[in-house]
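Down below is the structure, laid out as structure tokens.
The values are calculated or read from the model by the stated rules, or taken from the named source; none is laboratory data. Predicted model only: the values in this text are computed from it and were never measured. All Cβ positions, even for glycine, are placed from backbone atoms using ideal geometry, and neighbour counts span all protein chains on display. Only protein heavy atoms, including side chains, enter the accessible area calculation; ligands, DNA and RNA are left aside. Shrake-Rupley method; radii C 1.70, N 1.55, O 1.52, S 1.80 Å.
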Amino acid sequence: MKYTEALKQLQRKKISPIYLIYGEETYLAEKFLKTLLSIVNPQNDSEAIQYFDTSSDMKALLQALDSSPFFSEKNIIIANDLKIFQDKLSEKDKRDEQDFINYLPTLPEYSILILRYHKNKIDKRRKLFKSIDKYGSIIECETLNYWNINDWLNARLHELNLRFDREAYAYFIEAVKSMDKISLGFLDQELVKLTLYTDDKFINRQTLENVFSTIPEISAFRLWDSLCEKNISIALELFLIQQSSGVHPLRLLAFLVRQIRQLWQVKIYLSEGQNIKQIASTLKLHPFITEKIVKQANNFSLQCIERTLHKLAVADYKLKTGSNEPALIENILIEFCQ
């Protein structure tokens with residue numbers, strides 16, 4: 001079950017006796033656990049919860065599940081990274097796994113078991129996985145990509161009582177797209193900063209840029225905007241900021257290649273007569289972003305874009321083979337803006 005679907009079930013107070021929460025996005029896992037506990041333990045009674053981990057004995061865990069709650073309505077057991085979920089199991093782990101599977105149908109109504117697994121991916125073909133799915137709920141907290149971050153973003157903005165205007169929304173999505181790896185915990189912190197930065201609940205692009213300006217990926221994103229506006233002085237200033245921040249030239253180069261290749265693709269599709277909606281669908285981009293790239297593409301000839309792609313490829317080769325030309329990327333930026 002996907003995170004958003006599981007969260008909706010919680011909001012409807014539909015509670016399972018067993019939960020397995022796993023996946024790379026710990027922010028979503030923590031938020032789901034917090035929401036679940038607020039429902040099954042509304043008094044926030046620490047004595048109602050027992051914790052187990054990798055070193056815990058399976059027999060002790062099963063005995064805890066059988067024990068009747070004394071001071072609360074539910075007996076809540078949270079078990080983190082149990083050995084039975086590992087890929088390679090010892091003979092004892094295999095016996096524990098089978099004992100656990102055999103126990104699941106007999107779980108008392110007064111107990112709730114919450115399993116968390118942070119380490120590796122879980123083999124969904126295993127009997128253990130299928131048994132938990134049969135008697136409970138499995139919550140997969142996948143790392144989000146920029147194209148499926150809308151639900152999380154809109155929900156978080158609602159919680160913070162914020163709204164983005166059209167340009168701010170497009171800026172946020174494209175800025176996130178430029179990141180090598182999306183961390184919802186990090187993005188959440190940046191959104192919270194907005195509530196401290198301004199009393200205005202309606203956020204425009206300029207406010208968003210000001211708050212995000214210190215993030216290296218966002219700095220690169222602003223550099224690209226300056227290039228597309230042919231504002232070379234600002235672009236070079238931001239390029240120097242990238243260098244002083246310790247951003248490796250190959251990382252910046254990879255970002256520029258990705259952006260210019262996208263510009264080239266849009267230029268080709270425009271020449272074939274495709275409209276913004278068609279291009280957005282083909283490239284799997286948000287229409288706001290596609291509209292912006294189309295405007296940027298109109299500032300450059302196809303020959304200029306292809307020439308720059310070739311120069312970036314040469315620069316990539318030189319950097320990877322030990323070249324240390326200080327002005328290698330800088331010259332490409334200048335020529336691109338001419």
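As for segment 57-68, it holds no residue that is within 15 Å of Ile18 (Cα to Cα) and within 29 Å of the chain's Cα centre (by Cα).
Among the residues of segment 284-304, are any more than 29 Å from the chain's Cα centre (by Cα), under 23 Å from Trp147 (Cα atoms) and surrounded by 13 or more Cβ atoms within 10 Å (Cβ to Cβ)? Don't jump to the end; show me each part of the working.
As a first pass, look at segment 284-304 and keep what is more than 29 Å from the chain's Cα centre (by Cα): 298-304.
Subset that is under 23 Å from Trp147 (Cα atoms): none.
The answer is no; no qualifying residue exists.
Of all the helices (runs of 4 or more DSSP H) wholly in segment 193-253, which have at least 2 residues that are over 18 Å from Leu153 (Cα atoms) and in contact (Cβ under 8 Å) with a residue 12 or more places away in the chain? Break it down into steps so the answer makes sense when it comes.
Numbers: elements: 205-212, 216-228, 232-244.
By residue number, 216-228, 232-244.
The set of residues in segment 236-269 being open to solvent by less than 50 Å² (accessible area, probe 1.4 Å), over 24 Å from Lys320 (Cα atoms) and touching a Leu at 6+ places or on another chain (Cβ under 7 Å) consists of Lys267 alone. Residues of segment 51-109 that are out of contact with any strand residue (DSSP E or B) (no Cβ under 7 Å at 6 or more places or on another chain) and among the acidic types (Asp, Glu): Asp57, Asp66, Glu73, Asp87, Glu91, Asp93, Asp96, Glu97, Asp99, Glu109.
Here Gln189 meets each of (1) outside any loop (DSSP other than H, G, I, E, B); (2) surrounded by 13 or more Cβ atoms within 10 Å (Cβ to Cβ) with one exception, condition (2). Residues in segment 118-149 that are open to solvent by less than 60 Å² (accessible area, probe 1.4 Å) and either under 23 Å from Ala48 (Cβ atoms) or in a strand (DSSP E or B) (or both): Ile132, Gly136, Ser137, Ile138, Ile139, Glu140. Between a first residue in segment 165-191 that is more than 18 Å from Glu24 (Cα to Cα) and a second residue that is open to solvent by less than 10 Å² (accessible area, probe 1.4 Å) and of a type in the set (Gly, Ala, Ser), which pairs have beta carbons less than 9 Å apart while being 6 or more apart in sequence or on different chains? Pairs that qualify, where the first residue is more than 18 Å from Glu24 (Cα to Cα) and the partner is open to solvent by less than 10 Å² (accessible area, probe 1.4 Å) and of a type in the set (Gly, Ala, Ser), are Ser178/Ala220.
It is to be established whether one or more residues within segment 189-212 are within 23 Å of Val314 (Cα to Cα) and either modelled with pLDDT under 85 or out of contact with any strand residue (DSSP E or B) (no Cβ under 9 Å at 6 or more places or on another chain) (or both). Give the steps one after another, and end with the answer.
Step one: of segment 189-212, the residues within 23 Å of Val314 (Cα to Cα) are none.
No.
Mind telling me which of the residues Ile334, Ile289 ends up being modelled with pLDDT of 90 or more and under 25 Å from Ala175 (Cβ atoms)?
Residue meeting the stated conditions: Ile334.
A quick yes/no check of all residues on (1) open to solvent by 10 Å² or more (accessible area, probe 1.4 Å); (2) at positive phi:
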{"position": "Thr26", "(1), (2)": "yes, no"}
{"position": "Lys34", "(1), (2)": "yes, no"}
{"position": "Asn41", "(1), (2)": "yes, no"}
{"position": "Ala48", "(1), (2)": "no, no"}
{"position": "Thr54", "(1), (2)": "yes, no"}
{"position": "Asp66", "(1), (2)": "yes, no"}
{"position": "Glu73", "(1), (2)": "yes, no"}
{"position": "Asp81", "(1), (2)": "yes, yes"}
{"position": "Gln86", "(1), (2)": "yes, no"}
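Could you tell me whether Lys318 is of a type in the set (D, E, K, R), under 32 Å from the mean Cα position of the chain (by Cα) and part of a helix (DSSP H, G or I)?
On the way: of a type in the set (D, E, K, R): yes; under 32 Å from the mean Cα position of the chain (by Cα): no; part of a helix (DSSP H, G or I): yes.
In short, no.
Go through segment 10-40 and give me each residue that's polar (S, T, N, Q) and at pLDDT 90 or above.
Initial filter on segment 10-40 (polar (S, T, N, Q)): 11, 16, 26, 35, 38.
Once the filter is applied, which keeps residues that are polar (S, T, N, Q) and at pLDDT 90 or above, segment 10-40 yields Ser16, Thr35, Ser38.
Restricting the first member to segment 276-293 and to residues that are touching a residue at least 24 places away in the same chain (Cβ under 8 Å), and the second to residues that are assigned to a loop (DSSP other than H, G, I, E, B) and open to solvent by 70 Å² or more (accessible area, probe 1.4 Å), no beta-carbon pair is closer than 9 Å while six or more apart or on different chains.
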